[in-house]
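J.: Pasting in a structure now, in C-alpha coordinates, and then I'll have a few things to ask.
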Amino acid sequence: MKQKKMFIITAMAAAVLASCGGGSQGKPNFGDNEYAVRTVQTTDTELQNTYPATIKGVQDVEIRPKIAGFITKINVKEGQTVRKGQVLFVIDNVTYEAAARQAKASVNAATAQLNTSKLTYENSKKLFENKVIGDFELQSAQNAYESAKAALAQAEASYASAKQNLDFCYVTSPADGVVGELPYKVGALVSSSSPQPLTTVSDNKTMQVYFSLTEKELMTMTHSDGGLDAAIKDFPALKLQLADGSLYGTAGRVAAVSGVIDASTGTVQVRADFDNPGQKLRSGASGSIIVPTTSQGAIVIPQSAVMQVQDKYFVYIVGKDNKVKYSPVTINPNNDGKTYIITSGLKTGDIIVVYGVTSLTDGTEIKQLSEAQYEEKLKKAEKLGEAQGDLGEFKKAMGM
(Lines give C-alpha, C1' and ligand atoms only; values in the text may rest on other atoms or scores of the structure.)
Protein backbone atom coordinates (compact mmCIF):
# COMPACT_ATOMS: atom_id res chain seq x y z
CA MET A 1 0.00 0.00 0.00
CA LYS A 2 2.85 2.41 0.90
CA GLN A 3 4.67 1.56 -2.33
CA LYS A 4 1.53 2.35 -4.36
CA LYS A 5 1.14 5.73 -2.60
CA MET A 6 4.78 6.65 -3.27
CA PHE A 7 4.32 5.70 -6.94
CA ILE A 8 1.30 8.02 -7.24
CA ILE A 9 3.17 10.91 -5.60
CA THR A 10 6.19 10.41 -7.87
CA ALA A 11 3.92 10.41 -10.91
CA MET A 12 2.30 13.65 -9.78
CA ALA A 13 5.70 15.28 -9.32
CA ALA A 14 6.80 14.22 -12.77
CA ALA A 15 3.59 15.56 -14.30
CA VAL A 16 3.97 18.94 -12.59
CA LEU A 17 7.65 19.17 -13.56
CA ALA A 18 6.78 18.36 -17.15
CA SER A 19 4.03 20.99 -17.25
CA CYS A 20 6.44 23.63 -15.91
CA GLY A 21 9.16 23.05 -18.44
CA GLY A 22 11.27 20.71 -16.36
CA GLY A 23 12.37 23.20 -13.70
CA SER A 24 12.90 26.27 -15.93
CA GLN A 25 12.09 28.62 -12.98
CA GLY A 26 9.08 30.11 -14.81
CA LYS A 27 10.88 32.64 -17.03
CA PRO A 28 8.35 34.00 -19.55
CA ASN A 29 8.90 32.63 -23.01
CA PHE A 30 10.10 36.01 -24.31
CA GLY A 31 13.20 36.43 -26.40
CA ASP A 32 15.69 38.87 -24.94
CA ASN A 33 15.10 41.26 -27.85
CA GLU A 34 11.30 41.01 -28.10
CA TYR A 35 9.47 44.30 -27.33
CA ALA A 36 5.96 45.60 -27.82
CA VAL A 37 5.77 48.53 -30.24
CA ARG A 38 3.11 50.95 -31.47
CA THR A 39 2.78 53.03 -34.61
CA VAL A 40 2.16 56.67 -33.71
CA GLN A 41 -1.20 58.09 -34.79
CA THR A 42 -3.19 61.22 -34.02
CA THR A 43 -6.49 61.37 -32.17
CA ASP A 44 -8.83 63.80 -30.44
CA THR A 45 -8.52 63.65 -26.68
CA GLU A 46 -9.90 65.40 -23.64
CA LEU A 47 -7.82 66.19 -20.60
CA GLN A 48 -8.86 67.45 -17.21
CA ASN A 49 -6.93 70.06 -15.28
CA THR A 50 -7.60 70.02 -11.55
CA TYR A 51 -7.24 72.98 -9.21
CA PRO A 52 -7.77 73.15 -5.42
CA ALA A 53 -10.85 75.23 -4.64
CA THR A 54 -12.62 76.94 -1.76
CA ILE A 55 -16.43 77.11 -1.62
CA LYS A 56 -18.19 80.19 -0.29
CA GLY A 57 -21.73 81.51 -0.26
CA VAL A 58 -22.70 84.63 -2.17
CA GLN A 59 -22.93 86.32 1.22
CA ASP A 60 -21.25 85.11 4.38
CA VAL A 61 -22.50 87.70 6.85
CA GLU A 62 -21.10 87.73 10.37
CA ILE A 63 -23.87 88.43 12.86
CA ARG A 64 -22.57 90.61 15.68
CA PRO A 65 -24.47 92.45 18.43
CA LYS A 66 -24.39 96.25 18.40
CA ILE A 67 -24.96 96.44 22.15
CA ALA A 68 -23.60 94.66 25.20
CA GLY A 69 -25.75 92.32 27.24
CA PHE A 70 -26.62 88.75 28.17
CA ILE A 71 -28.23 86.46 25.58
CA THR A 72 -31.71 85.61 26.84
CA LYS A 73 -33.01 83.66 23.83
CA ILE A 74 -31.68 81.85 20.77
CA ASN A 75 -34.39 81.37 18.14
CA VAL A 76 -32.46 79.30 15.56
CA LYS A 77 -30.42 76.15 15.22
CA GLU A 78 -27.21 75.49 13.31
CA GLY A 79 -27.93 74.78 9.64
CA GLN A 80 -31.41 76.30 9.79
CA THR A 81 -32.64 78.29 6.79
CA VAL A 82 -33.69 81.82 7.76
CA ARG A 83 -35.27 84.81 6.03
CA LYS A 84 -34.18 88.42 5.96
CA GLY A 85 -35.46 90.25 9.06
CA GLN A 86 -36.06 87.07 11.08
CA VAL A 87 -35.12 87.41 14.79
CA LEU A 88 -32.15 85.16 15.55
CA PHE A 89 -31.16 86.22 19.10
CA VAL A 90 -32.65 88.23 21.94
CA ILE A 91 -30.32 90.14 24.27
CA ASP A 92 -31.40 91.18 27.78
CA ASN A 93 -33.54 94.27 27.13
CA VAL A 94 -34.69 95.35 30.62
CA THR A 95 -32.15 98.16 30.92
CA TYR A 96 -32.74 99.33 27.37
CA GLU A 97 -36.52 99.32 27.83
CA ALA A 98 -36.13 101.51 30.93
CA ALA A 99 -33.83 103.86 29.03
CA ALA A 100 -36.38 104.09 26.20
CA ARG A 101 -39.20 104.88 28.63
CA GLN A 102 -37.10 107.53 30.33
CA ALA A 103 -36.21 109.09 26.97
CA LYS A 104 -39.89 109.06 25.98
CA ALA A 105 -40.78 110.85 29.22
CA SER A 106 -38.14 113.49 28.45
CA VAL A 107 -39.75 114.03 25.08
CA ASN A 108 -43.14 114.53 26.71
CA ALA A 109 -41.68 117.02 29.21
CA ALA A 110 -39.86 118.90 26.46
CA THR A 111 -43.06 119.01 24.40
CA ALA A 112 -44.98 120.52 27.33
CA GLN A 113 -42.24 123.05 27.93
CA LEU A 114 -42.28 123.98 24.27
CA ASN A 115 -46.03 124.53 24.32
CA THR A 116 -45.72 126.78 27.36
CA SER A 117 -42.87 128.75 25.79
CA LYS A 118 -44.85 129.14 22.60
CA LEU A 119 -47.86 130.58 24.48
CA THR A 120 -45.61 132.95 26.40
CA TYR A 121 -43.91 134.17 23.25
CA GLU A 122 -47.20 134.71 21.38
CA ASN A 123 -48.61 136.62 24.36
CA SER A 124 -45.46 138.73 24.58
CA LYS A 125 -45.80 139.69 20.93
CA LYS A 126 -49.31 141.03 21.58
CA LEU A 127 -48.13 142.94 24.64
CA PHE A 128 -45.26 144.37 22.65
CA GLU A 129 -47.63 145.52 19.89
CA ASN A 130 -49.71 147.29 22.54
CA LYS A 131 -46.53 148.78 23.98
CA VAL A 132 -47.05 147.11 27.33
CA ILE A 133 -43.58 145.49 27.31
CA GLY A 134 -40.37 146.53 25.69
CA ASP A 135 -37.88 144.84 23.33
CA PHE A 136 -36.03 143.07 26.13
CA GLU A 137 -39.09 141.21 27.40
CA LEU A 138 -40.11 140.21 23.85
CA GLN A 139 -36.63 138.97 23.00
CA SER A 140 -36.45 136.98 26.23
CA ALA A 141 -39.76 135.25 25.45
CA GLN A 142 -38.55 134.43 21.94
CA ASN A 143 -35.27 133.02 23.27
CA ALA A 144 -37.13 130.81 25.73
CA TYR A 145 -39.30 129.55 22.91
CA GLU A 146 -36.27 128.72 20.73
CA SER A 147 -34.57 126.97 23.65
CA ALA A 148 -37.68 124.86 24.22
CA LYS A 149 -37.67 123.80 20.56
CA ALA A 150 -34.00 122.82 20.84
CA ALA A 151 -34.67 120.92 24.08
CA LEU A 152 -37.45 118.99 22.38
CA ALA A 153 -35.22 118.13 19.43
CA GLN A 154 -32.54 116.91 21.82
CA ALA A 155 -35.06 114.81 23.78
CA GLU A 156 -36.39 113.29 20.56
CA ALA A 157 -32.86 112.40 19.45
CA SER A 158 -32.17 110.72 22.79
CA TYR A 159 -35.41 108.81 22.51
CA ALA A 160 -34.56 107.66 18.97
CA SER A 161 -31.17 106.45 20.20
CA ALA A 162 -32.70 104.65 23.19
CA LYS A 163 -35.35 103.09 20.97
CA GLN A 164 -32.71 101.96 18.50
CA ASN A 165 -30.67 100.39 21.30
CA LEU A 166 -33.82 98.57 22.39
CA ASP A 167 -34.32 97.34 18.82
CA PHE A 168 -30.70 96.11 18.80
CA CYS A 169 -31.68 93.70 21.57
CA TYR A 170 -33.47 91.74 18.85
CA VAL A 171 -30.71 90.55 16.49
CA THR A 172 -32.17 89.86 13.05
CA SER A 173 -30.83 88.26 9.88
CA PRO A 174 -29.70 90.79 7.27
CA ALA A 175 -30.30 88.36 4.40
CA ASP A 176 -31.84 85.03 3.43
CA GLY A 177 -29.47 82.16 4.12
CA VAL A 178 -28.34 79.31 6.32
CA VAL A 179 -27.24 79.69 9.93
CA GLY A 180 -23.69 78.64 10.71
CA GLU A 181 -22.04 77.78 14.02
CA LEU A 182 -23.58 79.02 17.28
CA PRO A 183 -20.62 79.53 19.61
CA TYR A 184 -22.59 81.31 22.37
CA LYS A 185 -25.32 79.86 24.59
CA VAL A 186 -28.15 81.48 26.53
CA GLY A 187 -26.70 83.50 29.40
CA ALA A 188 -23.46 84.41 27.64
CA LEU A 189 -22.35 88.04 27.86
CA VAL A 190 -21.73 89.43 24.38
CA SER A 191 -20.89 92.79 22.85
CA SER A 192 -19.78 94.32 19.58
CA SER A 193 -16.16 93.62 20.59
CA SER A 194 -16.68 89.91 21.28
CA PRO A 195 -13.96 87.81 19.58
CA GLN A 196 -16.45 85.61 17.74
CA PRO A 197 -19.66 86.60 15.97
CA LEU A 198 -22.96 85.29 17.29
CA THR A 199 -23.20 83.25 14.08
CA THR A 200 -22.77 83.53 10.32
CA VAL A 201 -25.63 83.62 7.84
CA SER A 202 -24.62 82.28 4.45
CA ASP A 203 -26.63 82.95 1.30
CA ASN A 204 -26.08 79.63 -0.48
CA LYS A 205 -28.62 79.65 -3.29
CA THR A 206 -25.64 80.18 -5.54
CA MET A 207 -22.18 79.16 -4.37
CA GLN A 208 -19.02 80.93 -5.39
CA VAL A 209 -16.07 78.59 -5.85
CA TYR A 210 -12.61 80.16 -5.89
CA PHE A 211 -9.53 78.63 -7.50
CA SER A 212 -6.25 79.96 -8.90
CA LEU A 213 -4.60 79.93 -12.31
CA THR A 214 -0.92 80.58 -12.84
CA GLU A 215 0.16 83.75 -14.60
CA LYS A 216 1.29 81.66 -17.59
CA GLU A 217 -2.07 79.89 -17.83
CA LEU A 218 -3.88 83.22 -17.68
CA MET A 219 -1.73 84.72 -20.43
CA THR A 220 -2.17 81.67 -22.63
CA MET A 221 -5.91 81.78 -22.13
CA THR A 222 -6.25 85.49 -22.89
CA HIS A 223 -3.95 85.40 -25.93
CA SER A 224 -5.69 82.41 -27.52
CA ASP A 225 -9.21 83.70 -26.88
CA GLY A 226 -8.62 87.34 -27.79
CA GLY A 227 -8.79 88.97 -24.38
CA LEU A 228 -9.96 88.28 -20.86
CA ASP A 229 -13.66 88.97 -21.45
CA ALA A 230 -13.72 86.61 -24.42
CA ALA A 231 -11.80 83.99 -22.47
CA ILE A 232 -14.34 84.11 -19.61
CA LYS A 233 -17.22 83.85 -22.08
CA ASP A 234 -15.66 80.88 -23.93
CA PHE A 235 -14.42 79.10 -20.80
CA PRO A 236 -15.76 75.52 -20.76
CA ALA A 237 -18.29 74.33 -18.20
CA LEU A 238 -16.57 73.36 -14.96
CA LYS A 239 -16.98 70.33 -12.75
CA LEU A 240 -16.67 70.42 -8.98
CA GLN A 241 -15.16 67.48 -7.13
CA LEU A 242 -16.13 67.44 -3.47
CA ALA A 243 -13.94 66.51 -0.53
CA ASP A 244 -15.21 62.91 -0.54
CA GLY A 245 -14.17 62.46 -4.18
CA SER A 246 -17.70 62.63 -5.59
CA LEU A 247 -18.64 64.97 -8.41
CA TYR A 248 -21.21 67.69 -7.80
CA GLY A 249 -24.20 67.16 -10.07
CA THR A 250 -24.43 70.69 -11.47
CA ALA A 251 -21.85 72.25 -13.78
CA GLY A 252 -20.52 75.73 -13.08
CA ARG A 253 -19.33 78.68 -15.13
CA VAL A 254 -16.46 81.11 -14.67
CA ALA A 255 -17.95 84.40 -13.51
CA ALA A 256 -14.95 86.61 -12.78
CA VAL A 257 -11.17 86.74 -12.84
CA SER A 258 -9.24 88.93 -10.43
CA GLY A 259 -7.46 91.88 -11.99
CA VAL A 260 -4.46 91.48 -9.67
CA ILE A 261 -1.80 88.76 -9.75
CA ASP A 262 -0.63 87.63 -6.32
CA ALA A 263 3.10 88.47 -6.32
CA SER A 264 3.88 85.89 -3.63
CA THR A 265 2.34 82.94 -5.52
CA GLY A 266 2.30 84.13 -9.12
CA THR A 267 -1.35 83.18 -9.44
CA VAL A 268 -4.61 84.96 -10.16
CA GLN A 269 -7.87 84.13 -8.42
CA VAL A 270 -10.80 82.90 -10.50
CA ARG A 271 -14.42 82.70 -9.34
CA ALA A 272 -16.88 80.13 -10.66
CA ASP A 273 -20.58 80.15 -9.80
CA PHE A 274 -22.54 76.96 -9.09
CA ASP A 275 -26.27 76.76 -8.51
CA ASN A 276 -27.07 75.08 -5.19
CA PRO A 277 -30.77 74.13 -5.26
CA GLY A 278 -30.47 71.21 -2.84
CA GLN A 279 -28.11 73.09 -0.51
CA LYS A 280 -25.60 70.27 -0.80
CA LEU A 281 -22.76 72.77 -0.96
CA ARG A 282 -21.86 74.56 2.25
CA SER A 283 -19.89 77.73 2.68
CA GLY A 284 -16.34 77.13 3.89
CA ALA A 285 -16.06 73.68 2.31
CA SER A 286 -13.17 72.66 0.07
CA GLY A 287 -12.99 70.75 -3.18
CA SER A 288 -11.35 70.72 -6.59
CA ILE A 289 -12.31 72.45 -9.80
CA ILE A 290 -12.00 70.25 -12.89
CA VAL A 291 -11.46 72.12 -16.15
CA PRO A 292 -11.90 69.94 -19.28
CA THR A 293 -9.69 70.75 -22.27
CA THR A 294 -10.00 69.18 -25.72
CA SER A 295 -6.93 68.60 -27.90
CA GLN A 296 -7.62 67.82 -31.55
CA GLY A 297 -5.22 65.83 -33.70
CA ALA A 298 -3.01 65.04 -30.71
CA ILE A 299 -0.36 62.35 -30.44
CA VAL A 300 -1.23 60.30 -27.36
CA ILE A 301 1.06 57.53 -26.10
CA PRO A 302 1.07 55.44 -22.90
CA GLN A 303 3.24 56.69 -20.07
CA SER A 304 4.98 53.31 -20.04
CA ALA A 305 6.65 54.33 -23.34
CA VAL A 306 8.23 57.45 -21.82
CA MET A 307 11.29 57.76 -19.62
CA GLN A 308 11.91 60.84 -17.52
CA VAL A 309 15.43 62.02 -16.78
CA GLN A 310 15.26 65.04 -14.47
CA ASP A 311 12.97 67.46 -16.35
CA LYS A 312 13.40 65.87 -19.79
CA TYR A 313 11.42 63.07 -21.42
CA PHE A 314 12.58 60.39 -23.88
CA VAL A 315 11.16 57.56 -25.99
CA TYR A 316 12.73 54.80 -28.08
CA ILE A 317 11.91 55.14 -31.81
CA VAL A 318 12.40 51.98 -33.86
CA GLY A 319 14.27 52.50 -37.14
CA LYS A 320 13.98 50.54 -40.39
CA ASP A 321 16.86 48.34 -39.28
CA ASN A 322 14.89 47.45 -36.10
CA LYS A 323 17.39 49.36 -34.01
CA VAL A 324 16.04 51.77 -31.39
CA LYS A 325 17.00 55.41 -31.08
CA TYR A 326 16.90 57.29 -27.79
CA SER A 327 14.86 60.35 -28.72
CA PRO A 328 13.76 63.40 -26.68
CA VAL A 329 10.10 64.46 -26.70
CA THR A 330 8.07 67.29 -25.23
CA ILE A 331 4.89 66.46 -23.33
CA ASN A 332 1.82 68.40 -22.32
CA PRO A 333 2.13 68.79 -18.52
CA ASN A 334 -1.58 68.02 -18.11
CA ASN A 335 -2.27 64.30 -18.21
CA ASP A 336 -4.70 61.68 -16.99
CA GLY A 337 -2.11 59.59 -15.14
CA LYS A 338 -2.03 56.91 -17.87
CA THR A 339 -1.08 58.68 -21.10
CA TYR A 340 0.92 61.64 -22.31
CA ILE A 341 0.09 64.09 -25.09
CA ILE A 342 3.27 64.61 -27.12
CA THR A 343 3.68 68.16 -28.36
CA SER A 344 7.00 67.65 -30.19
CA GLY A 345 9.53 64.91 -30.96
CA LEU A 346 7.16 62.42 -32.61
CA LYS A 347 5.24 62.38 -35.86
CA THR A 348 2.55 60.19 -37.38
CA GLY A 349 4.00 56.89 -38.59
CA ASP A 350 6.86 56.71 -36.08
CA ILE A 351 7.18 53.34 -34.34
CA ILE A 352 7.93 53.48 -30.62
CA VAL A 353 8.58 50.90 -27.93
CA VAL A 354 5.73 50.95 -25.42
CA TYR A 355 6.80 48.43 -22.75
CA GLY A 356 10.13 47.50 -21.21
CA VAL A 357 11.94 50.70 -22.21
CA THR A 358 14.08 50.71 -19.05
CA SER A 359 15.94 47.63 -20.27
CA LEU A 360 16.89 49.19 -23.62
CA THR A 361 19.96 51.14 -24.67
CA ASP A 362 20.47 53.34 -27.69
CA GLY A 363 21.15 51.31 -30.83
CA THR A 364 19.76 48.01 -29.52
CA GLU A 365 18.29 45.80 -32.23
CA ILE A 366 14.90 44.42 -31.25
CA LYS A 367 12.26 42.06 -32.55
CA GLN A 368 8.95 43.90 -32.83
CA LEU A 369 5.82 42.52 -31.20
CA SER A 370 2.37 44.00 -31.54
CA GLU A 371 0.73 44.97 -28.27
CA ALA A 372 -1.74 42.09 -28.75
CA GLN A 373 1.13 39.60 -29.17
CA TYR A 374 2.81 41.07 -26.12
CA GLU A 375 -0.36 40.66 -24.04
CA GLU A 376 -0.75 37.07 -25.20
CA LYS A 377 2.80 36.26 -24.14
CA LEU A 378 2.16 37.87 -20.79
CA LYS A 379 -0.88 35.65 -20.25
CA LYS A 380 1.14 32.55 -21.04
CA ALA A 381 3.87 33.70 -18.67
CA GLU A 382 1.30 34.24 -15.91
CA LYS A 383 -0.06 30.71 -16.39
CA LEU A 384 3.47 29.35 -16.25
CA GLY A 385 4.09 31.31 -13.06
CA GLU A 386 0.94 29.87 -11.49
CA ALA A 387 2.09 26.35 -12.41
CA GLN A 388 5.44 27.04 -10.83
CA GLY A 389 3.68 28.23 -7.70
CA ASP A 390 1.76 24.93 -7.58
CA LEU A 391 5.04 23.04 -7.97
CA GLY A 392 6.60 25.02 -5.14
CA GLU A 393 3.70 24.17 -2.86
CA PHE A 394 3.98 20.52 -3.90
CA LYS A 395 7.72 20.45 -3.19
CA LYS A 396 7.09 22.06 0.19
CA ALA A 397 4.50 19.45 1.02
CA MET A 398 6.88 16.70 -0.06
CA GLY A 399 9.74 18.19 1.95
CA MET A 400 11.81 18.71 -1.21
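The values are calculated or read from the model by the stated rules, or taken from the named source; none is laboratory data. Computed from a predicted model, the values in this text were never measured in an experiment. Ideal geometry is used to build each Cβ from the backbone, glycine not excepted, and the neighbour counts take in all protein chains shown. Please note that ligands, DNA and RNA were not included when accessible areas were found on the heavy atoms of the full protein model with its side chains. Shrake-Rupley method; radii C 1.70, N 1.55, O 1.52, S 1.80 Å.
J.: Counting other Cβ atoms within 10 Å of each Cβ, which trypsin sites (Lys or Arg not before Pro) in segment 123-181 have at most 14 and sit in a DSSP loop?
T.: Loop-located and lightly packed - K131.
J.: To test your reading of the geometry: what angle, between 0 and 90 degrees and rounded to tens, separates the Cα axis of helix 135-168 from the longest principal axis of the chain?
T.: Taking the Cα atoms of the chain, the angle to 135-168 is about 30 degrees.
J.: Ok, one more. Mind checking which of D336, D362, D273 has the largest fluctuation in a GNM of the chain, springs on alpha carbons under 10 Å?
T.: The residue that fluctuates most here is D362.
J.: Which cross-chain or sequence-distant (5 or more) residues have an amide H under 5 Å from the amide H of Q59, H modelled 1.01 Å from N in plane?
T.: Sorted by chain and number, the residues that satisfy this are D203.
J.: What does the charge count near Y374 come to, summing +1 for each Lys or Arg and -1 for each Asp or Glu among other residues with Cβ under 14 Å from its Cβ?
T.: Local charge sum for Y374: 0.
J.: Also: Could you give the distance between the Cα centres of segment 173-230 and segment 67-140, to the whole Å?
T.: Between the Cα centres of segment 173-230 and segment 67-140 lies a distance of 41 Å.
J.: What is the distance, in nm, between label points placed 7 Å from the Cα along the Cα-to-Cβ direction at R83 and at K163?
T.: Label-label distance for R83 and K163, simple model: 2.5 nm.
J.: With a cap of 15 neighbouring Cβ atoms within 10 Å, and only residues DSSP puts in a loop, list the GluC sites (Glu not before Pro) found in segment 67-135.
T.: E78
J.: Further question: Quick one: helix 215-225 against the long Cα principal axis of the chain, what's the angle to the nearest 10°, folded into 0 to 90?
T.: The two axes meet at around 90 degrees.
J.: Once the piece of chain linking L119 and L242 is laid out straight, how much longer is it, given 0.36 nm per residue of separation minus the C-alpha distance between them?
T.: Contour length minus Cα-Cα distance gives 36.7 nm.
J.: Quote the Stokes-Einstein diffusion coefficient, in whole µm² s⁻¹, for the chain, based on the Kirkwood radius over alpha carbon pairs, a temperature of 37 °C and a viscosity of 0.692 mPa s.
T.: Value of D from the Cα-based Kirkwood radius: 107 µm²/s.
J.: In terms of modelled amide H atoms, which long-range or inter-chain residues lie less than 5 Å from the amide H of T172?
T.: L88
J.: While we're on this one: Please go through the residue pairs K185/K205; K56/K185; K56/K77 and name each one whose alpha carbons sit more than 23 Å apart in this structure.
T.: Checking Cα-Cα distances, K185/K205; K56/K185 exceed 23 Å.
J.: What are the semi-axes of the equivalent ellipsoid of segment 220-360, taken as the square roots of 5 times the eigenvalues of the Cα gyration tensor, listed largest first and rounded to whole Å?
T.: Largest first, segment 220-360 gives 39, 19, 15 Å.
J.: Separate question: Once phi is turned into θ = phi - 60°, what whole-Hz ³J(HN,Hα) does the Karplus curve with 6.51, -1.76 and 1.60 give for every residue of segment 190-197, x standing for Gly and Pro?
T.: 10, 7, 5, 9, 4, x, 10, x
J.: Further question on the same structure: Could you sort out which of K323/K379; K312/K338; K66/K149 sit more than 22 Å apart by Cα distance in this structure?
T.: K323/K379; K66/K149
J.: Check cross-link reach from K163 to the aspartates and glutamates: straight Cα distance under 19 Å, and skip same-chain residues fewer than eight apart.
T.: Within the straight-line cut-off, K163 pairs with D92, E97.
J.: Nearest 10 degrees, 0 to 90: what angle lies between the long axis of helix 94-129 and the longest principal axis of the chain (Cα atoms)?
T.: Between the helix axis and the principal axis of the chain, the angle is about 40 degrees.
J.: Once amide H atoms are built 1.01 Å from N in the peptide plane, which residues 5 or more positions from T339, or in another chain, come under 5 Å H to H?
T.: Counting only residues 5 or more places away or on other chains, the set is Q303.
J.: If you stretched the chain out fully between E34 and R253, how much longer would it get, using 0.36 nm times the residue separation minus the C-alpha to C-alpha distance?
T.: 73.8 nm
J.: Using θ = phi - 60° and the Karplus form 6.51 cos²θ - 1.76 cosθ + 1.60, what ³J(HN,Hα) does each residue of segment 327-337 get, whole Hz, x for Gly and Pro?
T.: Running phi through 6.51 cos²θ - 1.76 cosθ + 1.60 with θ = phi - 60° gives 10, x, 9, 10, 10, 6, x, 8, 8, 9, x Hz.
J.: Another question about this same structure. Suppose only helical runs count, i.e. DSSP H with n ≥ 4. What mean residue ellipticity at 222 nm does that imply for the chain under -39500 (n - 2.57) per run, divided by all residues and rounded to the nearest 500 deg cm²/dmol?
T.: Mean residue ellipticity at 222 nm (helix-derived): -11500 deg cm²/dmol.
J.: Which loop-located trypsin sites (Lys or Arg not before Pro) does segment 258-324 contain, where loop means any DSSP state but H, G, I, E or B and the Cβ has at most 13 other Cβ atoms within 10 Å?
T.: Those that pass, being in a loop and sparsely packed, are K320.
J.: At a Cα cut-off below 24 Å, give the lysines reachable from K383, other chains included and same-chain residues fewer than 8 away excluded.
T.: Straight-line reach from K383, under 24 Å: K27, K367, K395, K396.
J.: A follow-up question, please. For L127, what accessible surface area do you get with a 1.4 Å probe? Give it in Å², rounded to 10.
T.: Surface accessible to solvent at L127 totals approximately 60 Å².
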